[in-house]
Amino acid sequence: MDDIVRQAMAKWPNVPHCYGWLGLDARGNWYMRDDRTQAAGPFPVAKGSLLRHEKLVEFIHRNYERDDAGQWFFQNGPQRVYVELEATPFVWRIGGERQVTAHTGRAPQTVRECLVDEAGRVYLDTDIGLGIVHTLDVEAAADAIEQGAWVPREVAAAQLPERYRFVTSPAALRVRAQA
């Protein structure tokens, strides 16, 4: 987390959390979701505006974390902005020698498990969390599987959030908790 963010949190400790305004799609793209977009439907049905500002995206990546309840958020100064996830908290890119890197630029130390769901999507569970393999890198994952480096295990996509302790929609969870 950036030092400037820590300082803002200390200076303004009681800023309300923000829900529904930021989404992460299954390709690692961030979307800003204004009131009109949120009213049009849940993420990813209504995605919003693709964030293209490089410095803003880098700032989000550096300050992207998980709370104790499995909700992923971006710490924006003193405000915690919870993220709506299309698939998983991380989107993996696979480079040469099976080097795995998250959409945030973080690289896990180990791949603990390879999973394939009923639609053929590939996931990797790592020491930093679960992520879906980017669609452009499924061939690299298939090569790793064929070479015996990763042994896939079948999984139902609907079971992933509970099994790997992450929340796909903190906004929906909040609404249910308030009901």
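The values are calculated or read from the model by the stated rules, or taken from the named source; none is laboratory data. Since this is a predicted model, take the numbers as computed values, not measurements. Cβ placement follows ideal geometry from the backbone for every residue including glycine, while neighbour counts extend to all protein chains displayed.
G129 passes all but one of (1) at negative phi; (2) crowded, with 16+ Cβ neighbours inside 10 Å; which number fails?
Failing condition for G129: (1).
With the structure loaded, tell me whether D67 is over 12 Å from the mean Cα position of the chain (by Cα), surrounded by fewer than 17 Cβ atoms within 10 Å (Cβ to Cβ) and within 27 Å of A46 (Cα to Cα) or whether it fails that test.
Working: over 12 Å from the mean Cα position of the chain (by Cα): yes; surrounded by fewer than 17 Cβ atoms within 10 Å (Cβ to Cβ): yes; within 27 Å of A46 (Cα to Cα): yes.
In short, yes.
So for the range 128-139 (the condition being over 24 Å from Q71 (Cβ atoms), among the hydroxyl-bearing types (S, T, Y) and touching a residue at least 60 places away in the same chain (Cβ under 8 Å)), does at least one residue qualify?
yes
Collect the residues in the range 63-103 that are polar (S, T, N, Q) and out of contact with any Lys or Arg (no Cβ under 8 Å at 6 or more places or on another chain), keeping them in residue-number order. Step through it out loud before you land on a result.
Restricting attention to the range 63-103, the residues satisfying the condition of being polar (S, T, N, Q) are 63, 71, 75-76, 79, 88, 99, 101.
Matches in the range 63-103: N63, Q71, Q75, N76, Q79, T88, Q99.
Give me a count of the residues in the range 150-179 that are touching a helix residue (DSSP H, G or I) at 6+ places or on another chain (Cβ under 6 Å) and surrounded by fewer than 18 Cβ atoms within 10 Å (Cβ to Cβ).
If we filter the range 150-179 for residues that are touching a helix residue (DSSP H, G or I) at 6+ places or on another chain (Cβ under 6 Å), which is where we start, we get 150, 152, 167-168.
When the remaining residues are screened for being surrounded by fewer than 18 Cβ atoms within 10 Å (Cβ to Cβ), the result is 152.
Total meeting the criteria: 1.
Across the range 112-163, what is the total count of residues that are part of a helix (DSSP H, G or I) and acidic (D, E)? It would help to see each step written out before you state the result.
Within the range 112-163, the first condition is being part of a helix (DSSP H, G or I), and the residues that meet it are 135-146, 157-163.
Filter once more, so that each one left must be acidic (D, E): 137, 139, 143, 146, 162.
Residues in the range 112-163 being part of a helix (DSSP H, G or I) and acidic (D, E): 5 in total.
The rows are residues; the columns are (1) touching a His at 6+ places or on another chain (Cβ under 8 Å); (2) at pLDDT below 95; (3) under 28 Å from V155 (Cα atoms); (4) surrounded by 14 or more Cβ atoms within 10 Å (Cβ to Cβ).
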site	(1), (2), (3), (4)
N14	no, yes, no, no
Y82	yes, no, yes, yes
A87	no, no, yes, yes
A102	no, no, yes, yes
C114	no, no, yes, yes
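Is it fair to say L24 is among the aliphatic types (A, V, I, L, M), more than 30 Å from I145 (Cβ to Cβ) and modelled with pLDDT of 95 or more?
Working: among the aliphatic types (A, V, I, L, M): yes; more than 30 Å from I145 (Cβ to Cβ): no; modelled with pLDDT of 95 or more: yes.
No, not satisfied.
Considering each residue of the range 102-127, count those that are in contact with a Phe, Trp or Tyr (Cβ under 7 Å, 6 or more places away or on another chain) and under 23 Å from M1 (Cβ atoms), and give that number.
Qualifying residue count, the range 102-127: 3.
Select from the range 18-37 the residues that are closer than 17 Å to A102 by Cβ and among the small types (G, A, S) and list them in ascending order. Show your work before the answer.
Of all residues in the range 18-37, those closer than 17 Å to A102 by Cβ come to 22-30.
If the condition is that a residue be closer than 17 Å to A102 by Cβ and among the small types (G, A, S), then G23, A26, G28 are the ones that fit.
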